[in-house]
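Structure first, commentary second.
The values are calculated or read from the model by the stated rules, or taken from the named source; none is laboratory data. Every value quoted in this text rests on a predicted model; they were computed, and no experiment measured them. Using ideal geometry, Cβ is built from the backbone for each residue, glycine included, and neighbour counts are taken over all protein chains shown. These accessible areas exclude ligands, DNA and RNA; they are computed on the full protein's heavy atoms, side chains included. Shrake-Rupley method; radii C 1.70, N 1.55, O 1.52, S 1.80 Å.
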Amino acid sequence: MKPITPSNEVLQQFSAACLALNASVNTQLAELLATGTRQLDWRGPGRVLLQLHGNATTASMATLNRLWSVQRDSLDMKACARSLHGAAGMQADIAEGCWQSWMDYAKGQSDALETLVASMAEARDANDIMLATGAFYNAGQAAGKQALAKAAGLGSASGPALQSWLQASLQNGEDCSA
């Protein structure tokens, strides 16, 4: 994406518009002062000030609109939108992977707890209880390791995906949804 730097022509147009606005303000201010000394009614100068404000606002908005229309195409906002869409897609994929990993972990813990309770119901003595408890901890640890492995896989895959997205985003005219 190109940096936003106005051309000399745009700067000259902006300077000319500022000078024209300044001349208009000075003329209207002079008229206001001349009118104000002749009239004692506050509404006359108020109307002139209101007109002065309206003219300044109209002139400044016209200048800003002209400058925006010149700069708009150089900003390439469609490419920026495609790039943001690609980033949102990557974020959604990572979030989905994390959520799935968490669900698998929760299911593993639930299965381990179910096995523990079923084993406790059939336990004959303290040795059976200790064996069931050990199996519960091993199953829980295995579910945790599996969830962490998936999270690590997501983390290691996100770096190259981010680099690919960034390279595609910085190239002009390229589709940035990769």
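Among the criteria (1) part of a helix (DSSP H, G or I); (2) farther than 30 Å from residue 166 by Cβ, the one residue 95 does not fulfil is (2). So, in region 95-143, exactly how many residues are open to solvent by 90 Å² or more (accessible area, probe 1.4 Å), within 20 Å of residue 153 (Cα to Cα) and not hydrophobic (A, V, I, L, M, F, W, C)? The qualifying residues number 4.
Need the failing condition index for residue 151 against (1) without any contact (Cβ under 8 Å) to a residue 12 or more places away in the chain; (2) surrounded by 14 or more Cβ atoms within 10 Å (Cβ to Cβ); (3) touching a Ser or Thr at 6+ places or on another chain (Cβ under 8 Å), just the number. Status for residue 151: all satisfied but (1). Checked against (1) over 30 Å from residue 166 (Cβ atoms); (2) modelled with pLDDT of 80 or more; (3) surrounded by 12 or more Cβ atoms within 10 Å (Cβ to Cβ), residue 79 passes all but condition (1).
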